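I have placed the structure first, in the form of structure tokens, so that the comments after it can refer back to it.
Read-outs: derived from the displayed coordinates by stated rules, not from any lab. In this text the structure is predicted, and so the values were computed from the model without any measurement. Note that we place each Cβ from the backbone using ideal geometry, even for glycine, and neighbour counts take in every protein chain shown.
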Amino acid sequence: MLASEAVPLAKTGGLADVVGALAVELTRLGHEVRLVLPRYRGLEDGPVALRETHRFRVPLRHDHVEVALETGTLKGDKGPVVCVRYDPFFDRPGLYGDAAGDYPDNLDRFALFCRAAIEACKELGWAPDIVHAHDWQTALAIVYLKTLYQSDTTWTAPRTLFTIHNMGYQGLFPPAEYPATGLPAADFTAGGLEFYGQINLLKGGMIYADLLNTVSPTYAKEIQTPEYGYRLEGVLQTRKDRLFGIINGIDYDVWNPTTDAHISANYSQKDMSGKKTCKTALRRELKLPQRDVPLLGMVSRLALQKGIDLLVDTLPKLLALDVQMVMLGSGDALYQAELTNLSERFVGKFAVRLGFDDGLAHRIEAGADMFVMPSRYEPCGLNQLYSLRYGTIPVVRKTGGLADTVVPYLPGHAVEKATGFVFEDAHPEVLLSTLYLALQVYRDKTEWADLIKRGMKQDFSWKRSAKEYVALYERALVETKPAAPPDRDTFPRGRFR
Ligand code: ADP
């Protein structure tokens, strides 16, 4: 399992939650998983004790560099972690960049990581059945396996699964940097990594992987259209019979109102009294007056993807009602300024905290009555799943994983199945009317309690999702079996010759 981030070692977003939890769950299911990550700064003080076990040389441009492998075990014997250490690339303050933007040598950094990850298998004497790579940072590993390592006779080549977590991040680099990939210049074509004159790593993963998936069935369909495909829809259409959608699970050990240590009072479906305490505490923390009115919450990256502009345009009318809202976010400076302005205009009604604060994210999930996610696109989305678990009714746009996980409340229409409120058009007025509907239902205590109960009962555990991944791995092994080499039977899978 190759990734650029995974909890508990390194996280900038949902990718880390997914990779970390999936690796653990697969191990729990009895599979032999090795999670391979770059050895970033600070991991020495992290939750996994790492120890250098190997040193070897890896090609980089026209030279070689020496990398080290540091290995450790996830706490509770939840499987091995292998970190690729090359300090000139990974001993830096950020994972992908700093305040000045993305690191200019990200192509070299992740090309080296991918190459080292494959070489690591050889150093470890461990030939995986499957290489599962996530997002553009690890796409080159898949490309390498199908190109540079294609005629490698020292192992039964692993099958590959490539997971696309977000089409908005493709790993684009100028063509002059192509030598950093280590691939023959003649391969820089439209049938490979070339994309409108640039290098596109995500595209490489899409073309070369045996199987592809993204993180919800709806997003898997959406990305084959121009609206969501970011100009890669054509490539995806050619691979649509190999493209699947698997909803992310969530880690119920971390996001569980019954045991959550970040919140003021724990609660469960059976005894919801703690949720009231959490609401009071959240108002106190955000300095909102203690009034018996609906409290809306939102935790989000401040990016166009998340529909922050829709929210900003909706807030003046929403806040004219007797409601309160809290918002936690980090990202785009323009949105930060707009949200801050609104919080100054609607003192006592709208509170904003800028920055990344895991504890507060938990307290908002627990303390709010509703959770707003007006995303323009959302591959899966985790916050709506946390909200369902915390009895906080999601109000979401019908896109990607949001469409797959929230059952809409439609007046007079199977409301007994609903778990939240869903709107379709990415327009402030449509968001507003959906919020009006939610606020109207909120006043009906019985109806609201039913919504909460149904949401809390939903099962989005990793157990379910991990089994779907196992099914894809098995499919990759069976359906994409190459012509058997003549000596195949004498060299069982998983062993080096
Ligand atoms: P994405 O990965 O696109 O940002 P997801 O909903 O899949 O969106 O996952 C976001 C994760 O990051 C969630 O665990 C969410 O709680 C967390 N998160 C996002 N912004 C913040 C923030 N400002 N502070 C704390 N946690 C945040």
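A simple rule links phi to the HN-Hα coupling: the Karplus curve 6.51 cos²θ - 1.76 cosθ + 1.60 with θ = phi - 60°, which for the stretch 176-181 gives 4, 7, 3, x, 4, 6 Hz, with x for Gly and Pro. Rounded to the nearest 20, the Cβ-based charge dipole of the chain about its Cα centre (Lys and Arg +1, Asp and Glu -1) stands at 940 debye.
Pairs of Lys residues in the stretch 206-298 that lie 8 or more places apart, or on two chains, and have C-alpha atoms under 27 angstrom apart add up to 5. Since only Val422, Gly401, Gly355 are under comparison, the one whose Cα sits farthest along the positive direction of the charge dipole of the stretch 273-457, derived from C-beta charges on Lys, Arg, Asp and Glu, is Gly355. Most simply put, the chain has about 35% antiparallel DSSP beta bridges, counting only bridges with both residues inside it.
Mean sequence separation of contacting Cα pairs (under 8 Å, at least six apart), scaled by the length of the chain, corresponds to a relative contact order of 13 percent. Amide H contacts for His132 (H built 1.01 Å from N in the peptide plane; partners 5 or more residues away or on another chain; cut-off under 5 Å): Leu2, Leu161. Phi angles of the stretch 46-62 translate, via the Karplus equation with coefficients 6.51, -1.76, 1.60 and θ = phi - 60°, into HN-Hα couplings of x, x, 10, 6, 9, 9, 5, 10, 9, 9, 7, 9, 10, x, 9, 6, 9 Hz per residue; Gly and Pro are given as x.
Backbone phi angles across the stretch 270-276, fed through the Karplus curve with coefficients 6.51, -1.76 and 1.60 (θ = phi - 60°), yield HN-Hα couplings of 6, 9, 8, 4, x, 5, 4 Hz in residue order; Gly and Pro are listed as x.
Residue pairs exceeding 30 angstrom between C-alpha atoms, taken from Lys122/Lys306; Lys398/Lys445; Lys11/Lys317: Lys122/Lys306; Lys11/Lys317.
Taking all Cα pairs closer than 8 Å and separated by 6 or more residues, the relative contact order of the stretch 1-122 comes to 23 percent.
Under a 5 Å amide H cut-off, with hydrogens placed 1.01 Å from N, Thr214 pairs with Ile164, Phe244, Gly245, Ile246 among residues at least 5 apart or on other chains.
A convex hull fitted around the alpha carbon atoms of the stretch 273-457 yields 105 Å³ per residue. Distances between placed amide hydrogens fall under 5 Å for Arg397 paired with Met373, Ser375, Phe423, all partners being 5 or more residues away or on another chain.
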